[in-house]
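**Student:** Shown below is the structure under consideration.
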Amino acid sequence: MIVVEQLSKIYPLPEGEELLAVDHVSFAVNAGEVYGLLGPNGAGKTTTLRMILGMLVPTSGWAAIDGFRSTDAPDEVKRRVGLVSASSGVYQWLSVREMLLFFADLYGVAPETAEARLTSLSQLLGLQEFLRRRCGTLSTGQKQRMHLARALIHDPPVMLLDEPTLGLDVLGSQVINEYITLLREEGKAVIVSTHHLDEAERLCTRFGLLHRGKLVNEGTLEELQSQTGCRTLVQMFLQLANLGPQLAVAAPQPAS
């Protein structure tokens, strides 16, 4: 469903220098999997997600959704993906209901289907009490719930979640966690990038650990425990921080 092959991104810096933000990253996510793309700030997580979606052009390598490469068929990729990002904005003067139906129309969802999905998502995510409020008046947590509904309004087979629980309280986070579980049960392919490592341990079926743009470890929690000698994702993160230079040298090199 999601295939990432030798994906790299280089940004030019002043005085002719370059920043290698993503370094030959490869992984795949099948239908029904929740893949945790994890790493410290600056590891390359968001850049990777943006290249998968087609928002950024990779320097080399490629990403594909359902057989469509993001560089060759970006519109087909976007039709098949729902994106939730902590940096997403809102249309201040639209109500939540108007904004969700507007995005449904952009994706070509029939009006009666859009209304049915709006009702279902509102119940699931607790949007009923502020559906008619303007988006500019919402709290951070309410906006994040709306963004999740917006990403799901066209019922995509693939979900990319970049810090989906940011700004939510305990109850709000639990709603998101339950929905991610439901997405997996419905057979969707999901990538979750989050700093909430305890949530990631509970929700994700496999993990990829990024450090300085490289995918240094990948596998189930049990496989990562065997590879790293750590019991928890928190311990693995601390190991990345303490052993960064060694891990960067020892990371798997791209095939020639």
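The values are calculated or read from the model by the stated rules, or taken from the named source; none is laboratory data. Nothing here was measured: the structure is a model prediction, and the numbers come from that model. Quick reminder, even Gly has a Cβ in these numbers, built from the backbone with ideal geometry, and neighbours come from all protein chains shown. The accessibility values were calculated without ligands, DNA or RNA, using every heavy atom of the protein model including side chains. Shrake-Rupley method; radii C 1.70, N 1.55, O 1.52, S 1.80 Å.
**Student:** Ignoring ligands, DNA and RNA, what percent of the 1.4 Å accessible area of the chain is carbon and sulfur? Walk me through the numbers on the way to the answer.
**Tutor:** Details: 6350 of 12190 Å².
The nonpolar share, carbon plus sulfur, comes to 52 percent.
**Student:** If you keep only loop residues by DSSP, which GluC sites (Glu not before Pro) in segment 1-74 have at most 14 other Cβ atoms within 10 Å of their Cβ? Before the final figure, lay out each step's value.
**Tutor:** Values: sites: Glu5, Glu15, Glu17, Glu18, Glu33; in loops: Glu17, Glu33.
Taking segment 1-74 and a limit of 14 other Cβ atoms within 10 Å, the loop GluC sites (Glu not before Pro) found are Glu17.
**Student:** May I ask you to give the solvent-accessible area per residue for segment 1-148, in square angstrom, as obtained with a 1.4 angstrom probe? Show your work: numbers first, answer last.
**Tutor:** Values: 7290 Å² over 148 residues.
Roughly 49 Å² per residue, with all protein chains present.
**Student:** Over all pairs of distinct alpha carbons, what does the Kirkwood formula give as the hydrodynamic radius of segment 77-139, in Å? Intermediate results must be reported in sequence, preceding the final value.
**Tutor:** Working: mean 1/r = 0.0798 Å⁻¹.
This gives a value of 12.5 Å.
**Student:** When the chain is treated as a GNM, springs tying every alpha-carbon pair under 10 Å, which of Leu38, Leu13, Leu148 comes out with the largest mean-square fluctuation?
**Tutor:** Most flexible of the set in this elastic network: Leu13.
**Student:** What do the square roots of 5 times the Cα gyration tensor eigenvalues come to for segment 161-210, in whole Å, largest first, as semi-axes of the equivalent ellipsoid? Show your work: numbers first, answer last.
**Tutor:** Numbers: eigenvalues 52, 42, 16 Å².
Computed over segment 161-210, the values are 16, 15, 9 Å.
**Student:** Follow-up. Convert 20 °C to kelvin, take the viscosity as 1.002 mPa s, use the Kirkwood radius over C-alpha pairs of segment 135-187 as Rh, and evaluate the Stokes-Einstein diffusion coefficient in µm²/s, rounded to a whole number. The partial results should precede the final answer.
**Tutor:** On the way: Rh = 11.7 Å.
The diffusion coefficient I find is 184 µm²/s.
**Student:** Restricting to DSSP H runs of at least four residues, report the calculated mean residue ellipticity at 222 nm for the chain, -39500 (n - 2.57) per run over all residues, nearest 500 deg cm²/dmol. If you can, show how the numbers build up before the last one.
**Tutor:** Working: 10 runs with 102 residues, N = 256.
Counting only the DSSP helices, I get -12000 deg cm²/dmol.
**Student:** Take segment 1-141, drop everything but the C-alpha atoms, weight them equally and run the Debye formula without solvent; then report log10 I(q)/I(0) at 0.20 Å⁻¹ to two decimals.
**Tutor:** For the requested q values the scattering log ratios are -1.20.
**Student:** Looking at the chain, identify the longest residue range that excludes and avoids all chymotrypsin sites (Phe, Trp or Tyr not before Pro) in DSSP loops having at most 16 other Cβ atoms within 10 Å.
**Tutor:** 108-256
**Student:** Please determine, in degrees from 0 to 90 and to the nearest 10, the orientation of helix 233-242 with respect to the longest principal axis defined by the Cα atoms of the chain, where the helix direction is its Cα long axis.
**Tutor:** Tilt relative to the chain: about 50 degrees.
**Student:** Which of these, Leu124, Leu160, Leu100, has the largest mean-square fluctuation under a Gaussian network model of the chain (Cα springs below 10 Å)?
**Tutor:** For the chain, modelled as a Gaussian network with Cα springs under 10 Å, the answer is Leu124.
**Student:** Considering only Gly82, Gly39, Gly229, give the residue with the highest GNM mean-square fluctuation for the chain, with springs between Cα atoms whenever their separation is below 10 Å.
**Tutor:** Looking only at Gly82, Gly39, Gly229, the biggest GNM fluctuation is shown by Gly229.
**Student:** Considering the alpha-carbon set of segment 59-211 alone, what are its Rg and its Dmax in angstrom?
**Tutor:** 15.5, 46
**Student:** Taking a ≥ b ≥ c as the square roots of the eigenvalues of the Cα gyration tensor of segment 1-66, is the shape rounded (a/c under 1.5), prolate (a/b larger than b/c) or oblate? Could you put the intermediate results ahead of the total?
**Tutor:** On the way: a/c = 2.68, a/b = 1.81, b/c = 1.48.
It comes out prolate by the Cα gyration axes.
**Student:** A 18 angstrom limit on the alpha carbon distance is what I want to check against. Which of Lys9/Lys78; Lys143/Lys188; Lys9/Lys214 exceed it?
**Tutor:** Working: Lys9/Lys78 20 Å; Lys143/Lys188 23 Å; Lys9/Lys214 11 Å.
Over 18 Å apart, Cα to Cα: Lys9/Lys78; Lys143/Lys188.
**Student:** Let me ask something else about it. Check which residues have an amide H placed less than 5 Å from Gly42's amide H, if you skip close sequence neighbours.
**Tutor:** For Gly42, no residues qualify.
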